[in-house]
Amino acid sequence: MNNSDGCGTLTADKKLVSNINVAGRCFTIGASGVVLDGGGFNITGDGNDSGIANPGGYDNITVKGFAGINNFREGIYFNATN
């Protein structure tokens, strides 16, 4: 699992190592089978977009371990996914 302190498109497992503040979307799911572990940290937005989005309909996604997903239009948005 890759450790991260930034946002972006996820094509491999990732674990946060710090809180993140972002304008717009933080994470976009870009592959099936991805694990996103918040590591007990927060992601905080600017009131727009989604904190974590799966607009491509990738399957078998795990989102766990976040202290909070705050101040986004939608905290987590998944479309057509299993």
Candidate set: segment 2-52, residues that are among the hydrophobic types (A, V, I, L, M, F, W, C) and touching an Asp or Glu at 6+ places or on another chain (Cβ under 8 Å); chosen: the one nearest to THR81 (Cα to Cα): VAL34
Hits in segment 63-82 - residues which are farther than 15 Å from GLY24 by Cβ and over 10 Å from the mean Cα position of the chain (by Cα): GLY65, ALA67, GLY68, PHE78, ASN79, ALA80, THR81, ASN82
Members of segment 42-73 that are open to solvent by 60 Å² or more (accessible area, probe 1.4 Å) and either within 16 Å of CYS7 (Cβ to Cβ) or of a type in the set (Lys, Arg) (or both): ASP46, ASN48, PRO55, LYS64, ASN70, ASN71, ARG73
Test for GLY56: is it modelled with pLDDT under 95 and more than 13 Å from the chain's Cα centre (by Cα): yes
Number of positions in segment 9-21 that are part of a strand (DSSP E or B) and either open to solvent by less than 40 Å² (accessible area, probe 1.4 Å) or among the basic types (Lys, Arg) (or both): 5
Which listed residue, of ASN48, ASN79, is in contact with a Pro (Cβ under 8 Å, 6 or more places away or on another chain), modelled with pLDDT under 95 and not acidic (Asp, Glu): ASN79
Answer from GLY6, GLY39, GLY24, GLY33 - the residue that is open to solvent by less than 70 Å² (accessible area, probe 1.4 Å), free of Cβ contacts under 8 Å to residues at least 24 places away in the same chain and in a loop (DSSP other than H, G, I, E, B): GLY6
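The values are calculated or read from the model by the stated rules, or taken from the named source; none is laboratory data. What you see is a predicted model, and the numbers here were worked out from it, not measured in a lab. All Cβ positions, even for glycine, are placed from backbone atoms using ideal geometry, and neighbour counts span all protein chains on display. Accessible surface areas use protein heavy atoms only, side chains included; no ligands, DNA or RNA. Shrake-Rupley method; radii C 1.70, N 1.55, O 1.52, S 1.80 Å.
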